[in-house]
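Notes follow the structure.
The values are calculated or read from the model by the stated rules, or taken from the named source; none is laboratory data. This is a predicted model, so every value here is computed, not measured. Note: ideal-geometry Cβ built from the backbone for every residue, glycine included; neighbour counts use all protein chains shown.
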Amino acid sequence: MRGAALTIALLALIGAAAPVQAARTVLTTEPRTDLRTGPSAQHNRITVLPPGIQLWADDLVDGFYRVPLAPTLTAWVADDHVRPLDRSTPRPPIVTVRDISVQGIAPGSVATIRMSRPVAFRVRQQVSPPRLILDLFGVALARYGVRQLPSDRCVWSITADQVTDGWAQLSFDLTFAQQRGWSVSQRDGQFQLLVRRPYEGASLANKVIVLDPGHGGGDSGAVGPSGLREKDVNLRIAMQLAANLRERGATVRVLRESDRSVGPSGVGTRAELEARLSASEQPDADFFLSIHNNAVGSGNASSAYGTETYYWTPMSALPARLLQNALCARLNTRNRFISWRPFYVLRWGDVPRVLVECAYVSNPTEEQRLRSDAFVTDAAVALAEGLEEFFRRAAAY
Ligand SMILES: [Zn+2]
């Protein structure tokens, strides 16, 4: 007891002393830096930042810096996602924004915000009504006001609020329902949010589809009871789907067309997923589809079977439903569920992103079906039809 009490007392002393020791400016260095609600990888993400953003850290706990984004919003960042800057580096100052404008360019409409430095931000999407909400941290709006130029066709109206000190929020109501994605860039004293223009044409013709056959190379994915490897089935479905989509007039890019990884071989899972995500971020892409087949983690391999589909951004919900329905109808598989889940390759907002689990490799009956040419052909046809239906509906909005 006394030992424990002493330890706690010592920890309390260290804890009390830590903020002063840890307080410093840190710089994001990873391709995608997660800002979380607490000091562990199990805590949920508040936002994901690109490299090159300075954050003020006022504590360090269990390998996580505490970074207050605003007086009412505190985030945590893993110390291996950032580089601590020299202690003489001052705390990043509040950026005062005096000028915001929105104009139309070829890929869509772009909101330009003049800023003296890159800042932490968060973009959230709503679909009903169609809207993007941009949070800017470390930012003060000098005055309210936004200029919308006549070339802007995507943004119906904009409002701007100062939520608290150092937290500005811009809300963009859009002129069309089925969103196509957004992107952010910060350079040359400008923060830019691109709202991609709506889809044109009610079909797959001239659409750019990026396909991700799950796993590959040293990563087999799930392995069935008689040895069928998920990576092989995923690739067969993807290659057949690619042919189907091209017949329908689409441009298709497949992240791997053979049994290999997408990133350098031998890197860890996160690095491979990052390689896939970054390879799939193509400025002219219209849709991202990751193709997988499933396995039970534990429990009875015979009892788990059927089809699941995953999405993360709200704009991806409609195509997720359509692809799930198309798969179950054509394959006559059990419709298990669609699920909102932050899989690595789904978390980006550049295009609608969906991941399908066509059937269970771990289920003996479905494993035999997955071996057959008929099942692979049907899965590919179902996915092509589901995508065609999505673009038909997207144009109707
Ligand atoms: Zn998989």
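One residue is enough: does the range 317-324 have a residue meeting the conditions of a type in the set (S, T, N, Q), within 13 Å of the ligand (Cβ to nearest atom) and either in a helix (DSSP H, G or I) or under 19 Å from the mean Cα position of the chain (by Cα) (or both)? There is no residue in the range 317-324 that is of a type in the set (S, T, N, Q), within 13 Å of the ligand (Cβ to nearest atom) and either in a helix (DSSP H, G or I) or under 19 Å from the mean Cα position of the chain (by Cα) (or both).
Identify all residues within the range 145-156 that are more than 19 Å from Val97 (Cα to Cα) and not in a loop (DSSP other than H, G, I, E, B); write none if there are none.
Listed by number, the residues that qualify are Val155, Trp156.
Scanning the range 217-258 for residues that are among the small types (Gly, Ala, Ser), touching an Asp or Glu at 6+ places or on another chain (Cβ under 8 Å) and within 16 Å of the ligand (Cβ to nearest atom) yields a count of 6.
In the range 260-279, what residues are within 14 Å of the ligand (Cβ to nearest atom) and out of contact with any helix residue (DSSP H, G or I) (no Cβ under 7 Å at 6 or more places or on another chain)? Selection gives Thr269, Glu272. Considering only residues in the range 280-302 that are closer than 30 Å to Glu200 by Cα and of a type outside the set (A, V, I, L, M, F, W, C), the one that is nearest to the ligand (Cβ to nearest atom) turns out to be His292. Given the conditions (1) within 16 Å of the ligand (Cβ to nearest atom); (2) modelled with pLDDT of 95 or more; (3) buried (at least 17 other Cβ atoms within 10 Å of the Cβ), report the number of the one that Ala382 does not fulfil. The number of the failed condition is (1).
The selection criterion, being touching a residue at least 60 places away in the same chain (Cβ under 8 Å) and either surrounded by 14 or more Cβ atoms within 10 Å (Cβ to Cβ) or under 23 Å from Ala374 (Cα atoms) (or both), does not hold for Asn332.
Here's the yes/no breakdown for (1) under 19 Å from Ile105 (Cα atoms); (2) within 16 Å of the ligand (Cβ to nearest atom); (3) not assigned by TED's automatic domain parsing to the domain that holds Val356:
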residue	(1), (2), (3)
Ala168	no, no, yes
Ser171	no, no, yes
Ala177	no, no, yes
Gln186	yes, no, yes
Asp212	no, yes, no
His215	no, yes, no
